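Student: Below you'll find the structure I mean.
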Amino acid sequence: GVIRTEPPVAEQVEVVESSLPGAPPLPADVQAALQERLAASKAPFRTRHLDPGERPVFTNRLLLESSPYLRQHAHNPVNWFPWGDEAFELAAELGRPVFLSIGYATCHWCHVMEDESFEDPSIAELINSHYIPVKVDREERPDIDAIYMTAVRGFTGGHGGWPMTMWLTPDREPYYGATYVPPEDGMRGRPTGLRTMLSRLHDVYVNEPEKVKLTTAQVLDGIRKTLEAPRQPGDVPPETLELLVTQVDEAYDPELGGRARAPKFPSNVPIRALLRSDDPRANQMATHTLEAMANGGIYDHVGGGFHRYSTDAQWLVPHFEKMLYDNATLAVAYTEAAQMTGDASFERIARQTLDALERDFEVDGNGFASATDADSLTPGGEREEGYYFTWTPDDLAAALTQAEAKRFAEVYQVTARGDLDGRGIPHLAATLDAEVDAEMAPLRAKLLLARNERAQPLRDDKVLAGWNGLAISAFARAGRVFGEPRYVATAERTAQAVWERQWVDGQLRRVWTPDGAHHTGLLEDYAFLAAGTLELFEATGDRVWLERTLELDEVIASKFLDTSNGGYFVAPDDAETLLAREKAGADGAIPSGASVHALTLMRLAELTTKDGYRDRAEALVRAQSSRLTRSPTGYGELVLALDWMLDDPLEIVLIGEGEGADALRETLREHYLPSAVFVDVTEAEARGLEDLTSLVKDRGALGGEPTVYVCQQGVCQQPVNQPDVLREQLEAP
């Protein structure tokens with residue numbers, strides 16, 4: 001969570017300036033550790049509230065944490081503790097409740113609440129003297145977040161979001177919860193502010209223990225019923241695919257794409273499932289939504305890539321943070337749409353999105369950062385959401401020639417009136433044709449250079465294994481489909497970095513920062529990384545990636561499987577014991593780890609011809625049968641696995657190298673084959689893979705010429721080495 005432009009090195013700090021208001025002095029060992037951290041930092045105070053070199057007034061324990069989000073709060077006057085036994089044991093010892101705040105580094109309203117409340121010494125004194133305050137980074141610990149988000153929705157009538165604000169007993173049980181809370185009564189239309197809530201809820205804890213006990217019992221029951229409820233396995237009818245299309249259509253915005261409501265999230269429409277449907281209406285809804293998003297302000301037309309969501313129904317005014325997982329999953333959707341439709345504009349968006357990730361998210365070759373912030377500094381030093389990404393006609397005139405500025409403003413609809421606080425958000429009235437796009441490309445490049453001179457948004461540099469797995473999938477898939485070696489190299493570089501740093505003693509660590517690897521890997525980390533390494537195997541033919549896929553799957557099978565009720569748990573069996581052990585379920589902004597792994601298992605079954613993988617995949621689908629058949633739109637990733645189950649997948653093996661192999665690959669790229677596995681290897685590599693995949697056994701380059709084998713359920717067509725003949729085989733019914 002630091003500004004990426006390097007300021008002058010700050011002077012080292014000799015002492016922590018003052019104690020935290022209302023809190024006892026920090027223990028001597030904590031003081032010493034803080035002094036050491038401050039002295040070791042080259043530029044210790046590049047935070048949201050301190051300019052480079054400015055000395056902090058307050059420092060708390062969060063400075064010792066690795067999470068950029070937690071470190072953002074290290075100089076609050078609040079006596080923050082990280083999640084852990086120390087905080088809750090102290091709360092029990094002092095007879096105090098715990099004030100829990102959960103957020104993430106690029107969360108706009110988290111910043112607002114910090115500015116308004118956690119930087120206020122009088123509110124900090126109230127928290128410090130009445131509570132033990134605890135901070136959690138939801139991206140590091142989504143297992144903790146899920147438990148308390150379930151509780152918050154119970155308290156708020158179904159509303160959830162971040163920042164999450166919770167009041168807990170020392171036993172970690174919630175007795176009240178909310179999301180963003182303004183500091184004072186009546187602010188932002190809220191009748192009760194944080195200052196009042198802190199006083200009242202402390203009084204309730206101290207003076208009404210039976211009420212607290214009754215509330216926590218009810219809340220715990222709700223949490224466990226929601227997160228742990230056993231599900232009766234059952235068959236999933238093929239009509240589920242048709243039901244998904246019907247449900248999407250019922251909520252669809254026929255004019256603007258996506259769901260007919262605001263705000264609009266890209267993840268609200270299961271694009272990839274719609275692309276796979278035989279229903280032309282499904283395909284049209286998918287491509288229409290992709291076009292609308294790519295033309296709207298939610299897409300960064302100058303730099304590439306997508307913002308988090310659109311605050312309106314027109315895809316125009318985004319919430320300007322960018323998330324790794326959004327861009328990785330959207331890059332795959334645009335890649336598949338490009339292959340299915342042959343529309344070059346979809347390929348352009350996929351490429352620009354991946355290029356933006358390489359440019360803005362890659363962390364010195366160590367993987368991809370998690371997100372960039374919505375806020376940035378204006379020239380006047382004020383933080384403003386979206387300033388970095390927006391333009392005025394004067395801005396354009398300063399970076400372009402007069403004619404170029406006029407033309408760009410015309411094409412991207414930048415006006416003096418603006419779209420947000422008097423500033424324009426570049427967007428298109430319709431998809432650019434190739435000629436106009438080529439005309440705009442050098443103008444976009446000039447504006448990107450000019451934009452880079454602005455104060456850049458904060459970047460959350462922690463490397464999450466699962467989110468990087470999504471990025472690996474995106475780069476490997478695009479590299480194979482577009483014939484782009486650079487993308488494949490990026491996928492390999494990322495996968496190697498994650499494996500070297502986060503695969504520790506046979507298990508995955510969820511987070512890597514320069515401090516090292518931290519936190520137990522969760523199901524999504526294993527599942528997303530396994531999907532990524534499998535994509536990488538298909539893109540490279542290198543056995544190491546198939547080996548690693550199998551290795552990750554072994555851990556999933558041994559540590560996450562619910563042997564009693566089927567399905568997978570979110571956390572492994574040796575993870576921290578929380579109030580509930582969540583079962584993986586529906587997709588959210590991030591796909592479900594169980595759903596993603598179901599498709600990986602299907603693909604492994606085809607590659608290895610071992611029925612055990614298919615059996616486990618079918619069990620995963622059956623475990624979600626009641627929910628999947630009731631609301632398939634919430635299970636878009638699982639529908640991909642169901643579609644594979646109901647299909648007869650292709651097994652495509654290309655053996656050979658040279659120009660002949662390139663011509664055959666080009667023919668394969670022309671065809672959208674979602675239910676297919678690919679093995680693309682030299683003859684020597686094929687011989688070295690026979691112990692892992694039977695698809696290469698007894699197969700070689702016939703007559704010394706690169707050869708493709710197209711098979712289905714073990715029945716193969718005639719081996720071919722001519723692109724035209726291969727095309728006929730692929731297009732046969």
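Student: Could you list log10 I(q)/I(0) for segment 437-525 at q = 0.11, 0.23 Å⁻¹, which the Debye formula gives when each Cα is one point scatterer?
Tutor: Log10 of I(q)/I(0), two decimals: -0.47, -1.04.
Student: Please give the length that would be gained between residue 554 and residue 221 if that part of the chain were fully extended, namely 0.36 nm times their separation in residues minus their C-alpha to C-alpha distance (nm, one decimal).
Tutor: 116.6 nm
Student: For helix 636-646, what angle does its Cα long axis make with the longest principal axis of the chain, in degrees from 0 to 90 and rounded to 10?
Tutor: 30
Student: Positive end of the dipole of the chain, charges at C-beta (+1 Lys, Arg; -1 Asp, Glu), about the Cα centre: which of 346, 688, 269 has its Cα farthest in that direction?
Tutor: The listed residue farthest towards the positive side: 269.
Student: Can you tell me the orientation of helix 611-623 relative to the chain, as the angle in degrees between its alpha-carbon axis and the longest Cα principal axis, to the nearest 10?
Tutor: Orientation of helix 611-623: about 50 degrees from the principal axis.
Student: In addition: Using the beta-carbon distance between residue 312 and residue 722 and R0 = 51 Å, what value does 1/(1 + (r/R0)^6) give for FRET efficiency, to the nearest 0.05?
Tutor: Given R0 = 51 Å and the Cβ-Cβ separation, E is 0.45.
Student: For residue 358 and residue 207, what is the calculated FRET efficiency with R₀ set at 56 Å and r taken between the beta-carbons, to the nearest 0.05?
Tutor: Step by step, r from the Cβ atoms, then E = 0.45.
Student: Residues in segment 270-306, backbone N under 18 Å from the label point at residue 441 (7 Å along the Cα-to-beta-carbon vector): list them, ranges by number please.
Tutor: Of the residues in segment 270-306, 301-305 have backbone N under 18 Å from the label point off residue 441.
Student: Moving on to the next point. Beyond a 19 Å Cα-Cα separation, which of these cross-linked pairs lie in this structure: 559/583; 225/264; 264/322; 135/462?
Tutor: Cα-Cα > 19 Å for 225/264; rest within.
Student: Would you please put 534-543, 170-179, 556-565, 585-594 in order of how densely packed they are, using the mean number of other Cβ atoms within 10 angstrom per residue and starting with the highest?
Tutor: 534-543, 585-594, 170-179, 556-565
Student: On to the next question. Straight-line reach from residue 406: which lysines have a Cα under 28 Å away, not including same-chain ones fewer than 8 places off?
Tutor: Cross-link targets: 446.
Student: Set the Förster distance to 45 Å, then compute FRET efficiency between residue 200 and residue 486 from the Cβ-Cβ distance, nearest 0.05.
Tutor: Plugging the Cβ-Cβ distance into 1/(1 + (r/R0)^6) gives 0.20.
Student: Another one. Within 10 Å of each candidate Cβ there may be at most 16 other Cβ atoms; applying that plus a DSSP loop requirement, which trypsin sites (Lys or Arg not before Pro) in segment 645-715 survive?
Tutor: Those satisfying the criteria are 697.
Student: Something else now. Can you give the Kirkwood hydrodynamic radius for the chain, in Å, rounded to one decimal and based on Cα pairs?
Tutor: After inverting the pairwise mean of 1/r, the radius is 27.3 Å.
Student: Working out 0.36 nm times the residue gap between residue 610 and residue 94, then minus their Cα-Cα distance, what length gain in nm do you get to one decimal?
Tutor: 180.0 nm
Student: Over the C-alpha atoms of segment 557-641, what are the Rg and the largest Cα-to-Cα span, Dmax, in Å?
Tutor: Every Cα atom of segment 557-641 included, Rg and Dmax give 12.9, 41 Å.
Student: Expressed as an acute angle from 0 to 90° and rounded to the nearest 10, what is the orientation of the C-alpha long axis of helix 659-669 relative to the principal long axis of the chain?
Tutor: The two axes meet at around 60 degrees.
No value in this document is a laboratory result; all are computed from the given coordinates. Given the structure is predicted, the values throughout are model-derived calculations rather than measurements. Because the Cβ atoms are built from the backbone with ideal geometry, glycine has one as well, and the counts that use them run over all protein chains shown.
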